Amino acid sequence: MLRRRAPGDPTGACHANTERQRASMASIIRGRPAPPVGQPIPSAHRRPRSGRIHTQRRVRTGARIGLIAVFVVGLLQAVTPLARAAGKSPSPTPAVSPSATSGSSRAGGDAGSGRAQGVPLTTLSPQARSRITLVLFDQDIVLVGGRSFTAGDDVTVVAETAKLGGSALTRADADGRFILGFRVPADFAGTVNVKATQGTATATDALDVTGPEAAARAFQAAPALPDEPVVKTAPSTSPSPRQQDTSAGTSPSPAVSPAPSPSAAGSASASPSPAPSASASSTALTRRTATPTATPTATPSGSRPTPGTGSTGTGAGGTRSGLPWLSGFQSHQLAQLVEFGDWRGRPNDIVHVYTSRDQGWGGLVEPAWPVDLFKGFQGKLLISQPTFPKGQGDNAACARGEYDSEWKKLGSFLVAHGRADSIIRIGWEFNGTFMYWHTDADPTVFRDCFRKIATAIRSTDSEVKIDWTFNAHASPVPSGNSPWGAYPGDEYVDYVGIDAYDHFPPSKDEATWNKQCEDVNGLCYVIRFAREHGKKVGVGEWGVASCSGDGGGDNPFYIQKMFDTFKAASDVMGYDAYFSDPTPGNVCSTITNGGQNPKAAAMYKKLFGSGAS
């Protein structure tokens, strides 16, 4: 995302706005850049670098490691310890020391070039108050962390699951802690039960695990995704961005034909949340029977909605772009948004913006910036919102309803500014500890907070759509390496979303793509969930990663797979917004006019645009 792109787009080459973008980037903990939080930001927020807690499938010991025993559990075989080291601290040291304060895919630390990085210490520290905690790593490695044991005494750790019988002996360090791990068979799918015993004291924990082979089988057994046609439209006749004002003006793009909004119907029970199981067997969801969507057609350019009233297209058919779903770009400049549409040969249906998080409640619930920047944009606004202003609250107060009156103001503001039909991403990427509003190991508080916010906004804006989005590849929180425990329930959600960049790991071939897409933290899982629950799918951030530590670089294969997946899921695909950022050390994903990734740009233009050179 470094050299050439628009404010919110992680691709691009030497764009005129590059220096302004760099100046406006804000850093966030774990080395991951964040969306700009102040108004004078013409560039997009920086993209997190690691979505996956990546290592080379081994745990390395560090200077302070108390006792690490890594053992492999085979089917019906005993556990074999692989590593053991003595020291003071049981926390593993990253294999490739990632920056503790700089990262990027919102869920991970820095990675070294080409090599997978180690496991960040913060993601392994038990966050619940139980004496042992299980964490899933890389789909098939279960890490067991223990604390509050008698220092220096042996601890027996037993995998009690029938297919995983085995045990290992370790020793609590000077702080009464230990950590060890074991690997489950690739075809395992079920609950792993672990018991740690020291003298007469015992502690237990359980974790749902699905090995890669089991996940692949479940995915293959899932109903085939429909192959919806994509309609090509003539290149936009929009004026050059240099001729377009960045905050006002009318869009020259064709109008939008009304289309049904995504269903918000769902379980009305008190506990509508899905089980946070990582089991792939639960992902093989049966597709609901639905009326086939009509082949989308472009609306004549002569008919246009009133400026500032937003878009009425909400899915397949009726889009300005002619694609079966809303497609657009992340930006805080109208001119940059128009430039992207002109370049790809299709007007934008949607623009993704972030509110100012460090300006108190006013910056969140009365966001004249950035809403007023797009008065002349005829498409829809996708607005990412934290659960409270930075440094001014917490999720617990939110869950108690203490901020309801503030969030009601947002609904009123959107209605008054002709943006009632906006999509609001509440507490996006909550499953990464790099976000200050992240969920805890126990997702109850975040879940209740989300429900309060959604209800408050809807009470003053009946047209608004609510989006629940997590970060792809891994979930440091909540516990279980699955984001789904934090799902607030069907009645509170219109779009289920995912931010999925080409890193941690990058998708260079079908096998790698399938593994990460089919994971419980992956796009394919989201699609199946949406189909089963009557929701739309949102992909608010995605892009190639040319300067991420474990990025795929200028990778047209990733662009192809994203498009193929969107197109095949067009019955539930709601929107996509490409994220472009040219900043070194972030993702370097720019593609406008070739940007930093000419091969990926050519593929994007061929598939998402007119294909014209």
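Out of segment 538-549, which residues are open to solvent by less than 20 Å² (accessible area, probe 1.4 Å) and over 13 Å from the mean Cα position of the chain (by Cα)? Spell out the reasoning first.
Quick first cut of segment 538-549, residues open to solvent by less than 20 Å² (accessible area, probe 1.4 Å) only: 538-545, 548-549.
Val544, Ala545, Ser548, Gly549, listed by residue number.
Residue-by-condition table, conditions (1) at pLDDT 95 or above; (2) open to solvent by 10 Å² or more (accessible area, probe 1.4 Å); (3) of a type in the set (S, T, N, Q); (4) assigned to a helix (DSSP H, G or I):
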| site | (1), (2), (3), (4) |
| --- | --- |
| Asp372 | yes, yes, no, yes |
| Ala397 | yes, no, no, yes |
| Glu402 | yes, yes, no, no |
| Leu410 | yes, no, no, yes |
| Ser462 | yes, yes, yes, no |
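Would you call Arg183 farther than 17 Å from Thr210 by Cα, in contact (Cβ under 8 Å) with a residue 12 or more places away in the chain and open to solvent by 10 Å² or more (accessible area, probe 1.4 Å)?
Criteria not met by Arg183.
Report every pair of residues separated by at least 6 positions or lying on different chains whose Cβ atoms are under 6 Å apart, first residue within segment 360-377 and more than 15 Å from Pro389 (Cα to Cα), second surrounded by fewer than 22 Cβ atoms within 10 Å (Cβ to Cβ) and among the hydroxyl-bearing types (Ser, Thr, Tyr).
Filtered contacts from segment 360-377: Leu373/Ser247; Gly376/Thr250.
Would you pick out the residues in segment 596-613 that are open to solvent by 10 Å² or more (accessible area, probe 1.4 Å) and touching a residue at least 12 places away in the same chain (Cβ under 8 Å)?
Gln596, Pro598, Lys599, Ala602, Met603, Lys605, Leu607, Ser610, Gly611, Ala612
If Ser384 satisfies every condition in (1) surrounded by fewer than 24 Cβ atoms within 10 Å (Cβ to Cβ); (2) within 20 Å of Ser475 (Cα to Cα) but one, which is the exception?
Looking at each condition in turn, Ser384 falls short on (1).
Residue-by-condition table, conditions (1) among the charged types (D, E, K, R); (2) open to solvent by 10 Å² or more (accessible area, probe 1.4 Å); (3) in contact with a Gly (Cβ under 9 Å, 6 or more places away or on another chain):
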{"residue": "Phe504", "(1), (2), (3)": "no, no, yes"}
{"residue": "Asp509", "(1), (2), (3)": "yes, yes, no"}
{"residue": "Glu518", "(1), (2), (3)": "yes, yes, no"}
{"residue": "Lys536", "(1), (2), (3)": "yes, yes, yes"}
{"residue": "Asp564", "(1), (2), (3)": "yes, yes, no"}
{"residue": "Asp581", "(1), (2), (3)": "yes, no, yes"}
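What are the residues in segment 171-191 that are in a strand (DSSP E or B) and either in contact with a Phe, Trp or Tyr (Cβ under 9 Å, 6 or more places away or on another chain) or not β-branched (Val, Ile, Thr) (or both), if any?
Arg171, Phe178, Leu180, Gly181, Phe182, Arg183, Ala189, Gly190
Suppose the filter is modelled with pLDDT of 95 or more, more than 19 Å from Asn481 (Cβ to Cβ) and assigned by the TED database to the domain that holds Asp576; does Arg447 pass it?
Here the answer is no, as Arg447 does not meet what is asked.
Within segment 560-581, is even one residue among the aromatic types (Phe, Trp, Tyr) and in a loop (DSSP other than H, G, I, E, B)?
Yes: one or more hits.
The values are calculated or read from the model by the stated rules, or taken from the named source; none is laboratory data. All of these numbers come straight from a predicted model, not from anything done at the bench. Methodologically, a virtual Cβ is constructed for each residue, glycine included, from the backbone with ideal geometry; neighbour enumeration extends over all protein chains shown. Note: accessible area is taken over every heavy atom of the protein model, side chains too, but ligands, DNA and RNA are not part of it. Shrake-Rupley method; radii C 1.70, N 1.55, O 1.52, S 1.80 Å.
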